Amino acid sequence: DEGVRRLTWGCPLKVTEVVAEHARLLPFSEIEEIAQQQINRKLAYSHQENGSLEVAGVILGLVYMGEQNNAEGGLLAPVWVFLKADRPNDQQQKLWAQLGLNAAANYDTLNPLAMINAIDGSIIDVRNGY
């Protein structure tokens, strides 16, 4: 409702081609459902029930996704990133404060909790980058 809260520019890229000038993003309600399914899959343990999880924040940003089997090619796409609340170190606290998050997050095997392509709802594998 308030527009852009904060903008951070880093790692500029050379754009060689524009695939789509205007891309329609999925409604956040659909993204939220996909995120819930993905997080449930990621955290499903047979010996645990009725757990809870605090999400530190959700960021919509442009993420570079590499092409499989092509180190030189990739695509910059709008992506929703869901971050898990955790106990960060001082440097991580500063980074998340710059991003405007109230709770801090920490990258590990469960963080980000989910990265979802905002156009088609596909899940992005953080380790592979696509």
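The values are calculated or read from the model by the stated rules, or taken from the named source; none is laboratory data. If you're wondering where the values come from, they're calculated on a predicted model, not measured in any experiment. Don't worry about glycine lacking a Cβ; one is built from the backbone with ideal geometry, like all the others, and counts go over all protein chains shown. With ligands, DNA and RNA removed, areas are computed over all heavy atoms of the protein, side chains included. Shrake-Rupley method; radii C 1.70, N 1.55, O 1.52, S 1.80 Å.
Full-extension gain between W9 and V126, please, as 0.36 nm times their residue separation minus the C-alpha to C-alpha distance. Before the final figure, lay out the partial values.
Working: separation 117, 0.36 × 117 = 42.12 nm, distance 2.02 nm.
Result for the pair: 40.1 nm of gain on full extension.
Output needed for the stretch 26-77: three equivalent-ellipsoid semi-axes, defined as square roots of 5 times the C-alpha gyration tensor eigenvalues, in descending order, whole Å.
29, 16, 10
More than 16 Å apart: what percent of Cα pairs in the stretch 4-53 qualify? Before the final figure, lay out each step's value.
On the way: 859 of 1225 pairs.
Above the 16 Å cut-off, the stretch 4-53 has 70 percent of its Cα pairs.
State, to one decimal in nm, how far the label point of A20 lies from the label point of Y64, with both points 7 Å from Cα in the Cβ direction.
According to this spin-label approximation, the distance is 2.2 nm.
Skip the ligands, DNA and RNA, and give the accessible area per residue of the stretch 26-75 with a 1.4 Å probe, whole Å². It would help to have the intermediate numbers written out before the result.
Details: 3900 Å² over 50 residues.
For the stretch 26-75, the solvent-accessible area averages 78 Å² per residue.
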